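Notes follow the structure.
The values are calculated or read from the model by the stated rules, or taken from the named source; none is laboratory data. Everything numeric in this text was worked out from a predicted model, so none of it was measured. Methodologically, a virtual Cβ is constructed for each residue, glycine included, from the backbone with ideal geometry; neighbour enumeration extends over all protein chains shown. The area values use the complete protein model at the heavy-atom level, side chains included, leaving out ligands, DNA and RNA. Shrake-Rupley method; radii C 1.70, N 1.55, O 1.52, S 1.80 Å.
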Amino acid sequence: MITELTDFLATEAAELAVNENMNDESLTPTNLDALDYKPVSIVHLRNTRNNKLQQKPLMVLFDTGAQKSTVKAQHSHLGKVSKTLRPTTFSTPHSKFQTNLISEMQFNMPEFSESKQVQWKFHVLPEKTSLPYDMIIGRDLMRKLKMDVLYSNEAIVWDGLRLPMQEVKNNFMDFNAIIEDTTESDSVKEQMNRMNRILDANYEKPDLEAEVDKMTHLTDFQQTLLKALLGKHEALFDGKLGEWKGDPVDIELKPDAKPYHTKAYPIAHIHEATFKKDLDRLESIGVLKKINHSEWAAPAFIVPKKDGRVRFVSDFRRLNKQIKRTPYPLPHIKDMLLKVSHFTYATALDLVMGYYNIKLSVDASKLCTIVTPFGKYEYLRLPMGVSVAPDIFQEKICDLFHDLEHVRAFIDDLLVVSHGTYEEHIAELDVVLNRLSKAGLKCKIDKCFFAEPEMEYLGYIITKDGIKPLFWLPN
């Protein structure tokens, strides 16, 4: 997918800045060309006629100077095209043109989320318009998505995830995302802006009975059975990080791999205390180890989660280029979910700190070294952002539940479905929880959903009658 983007930015044309002035839209150059890094990413469009996701990635620019979002004419047919009552006029430094076409597009942005689908109406640019981008997401859509483009930190922030701006030179081809998290829920409810303080991470032992009391879809008797089950596995839901039993995992490098060392990312003064606190917390629970010297060093930062806690992120893109990867096949989400229809009860289990449950070998820890304003640290556990992390985790979780047909696993998201009574569902859950406990894993009770007749899972709504895609409508 990434290599198809090699020639997209061979020519650096002036970016569109769409500024609304009555019905005359001015497309004047923004200051982006003066930067080495630009807010660009890739999208996958969905054909609204046959509901198929297009495999070829397209380039998108997030332009804070653009009032309206636009799409090239050659892609507009994939959406629902309609005409406006009067044309909108756009102007570039060299010409003006008009369009009265709107295309309602559906797409995802895989560098943020493979599962989240966005739907929006784009102005269709005339066919002869020459631009290096297939789509431009302007302030209209960014405002609805509650997305921030932070030039001070050279990053794009959406839904608690932070994507670094890409270096745009003659060969723009590397779109490796820092964060690999295919399990996000709905979009953030409150807008994150540059002045918001990141709330300190708070990991307290949950009250299991209080959590069950919130599950109003269950009868009193069903709640009693669930409380008994969770009480039996109380240690599994204590909120602490688990440790997957077994040998530590190694990371194999390509023969020509060379160590690299980068500077630490600057941390805004308003976030320094939280950043240091999370460093200390990860060190105290055995995820990080402070060191003095290392040939390897990748930068790190934190981003807010939508629940007010923080996610610690490391930029391992340069390491990923040197890793010899042996991919493990991830399940095709839709095919996997098509096999779970006609259930009576479904439970979704979310593991605490996913990848961090897996221990790294001594040599792998040296590769996964990060540099911060507070010093260097080695990862002792498998970090997010390393290209082999999903392969390693998926293989281990599939081995753990390979013989249980009522269990589906996608990375650290587990789905348990039953076709019988509630009591049978509780019994099947008991087996799953036993295996998780014996493996040394833990579950996040506030992210789990128990015995639901339908639920959102991996970007779909699963029901007793089948599945349907969850198209996220900004408005």
| Binning every alpha carbon pair distance of region 256-305 at 10 Å from zero, what are the percents per bin? | 20, 47, 28, 5, 0
| remark: For Val81, the residues 5 or more places away or on another chain with a placed amide H closer than 5 Å to its own amide H are Glu104
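When the chain is fully extended, how far beyond the present Cα-Cα distance does Val431 get from Ala228, taking 0.36 nm per residue of separation?
71.6 nm
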| task | Mind listing the long-range amide H neighbours of Ala451? Cut-off is under 5 Å, sequence gap 5 or more, other chains count too, H placed in the peptide plane at 1.01 Å from N. | result | Ala346, Thr347, Ala348
| task | Taking amide H positions as placed in the peptide plane 1.01 Å from N, state which residues far from Cys368 in sequence (5 or more) or on other chains have amide H under 5 Å from it. | result | Tyr379
| Chain lengthening between Thr84 and Lys254 when straightened (0.36 nm per residue, less Cα-Cα) | 55.8 nm
| query | Carbon and sulfur: what percent of region 214-353's accessible surface (1.4 Å probe)? | reply | 54 percent
| Just from the alpha-carbon atoms, what are the Rg and Dmax of region 315-466 in angstroms? | 17.6, 55
| note | Once phi for every residue in region 278-289 is put through the Karplus expression 6.51 cos²θ - 1.76 cosθ + 1.60 (θ = phi - 60°), the whole-Hz ³J(HN,Hα) values, with Gly and Pro written as x, are 6, 4, 5, 5, 5, 5, 5, 9, x, 7, 10, 9
| note | Projected onto the charge dipole of region 267-396 (unit charges on the beta-carbon of Lys, Arg, Asp and Glu, signs +1, +1, -1, -1), the Cα from Tyr355, Ser294, Ser284 with the largest positive-side position is that of Ser294
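For Asp399 and Gln54 in the same chain, what is the full-extension length gain: residue separation times 0.36 nm, less their Cα-Cα distance, in nm?
121.0 nm is the gain from fully extending Asp399 to Gln54.
Region 205-349: D in µm²/s via Stokes-Einstein (Kirkwood Rh, Cα pairs, 4 °C, 1.567 mPa s)? It would help to have the intermediate numbers written out before the result.
Numbers: Rh = 20.4 Å.
Value of D from the Cα-based Kirkwood radius: 64 µm²/s.
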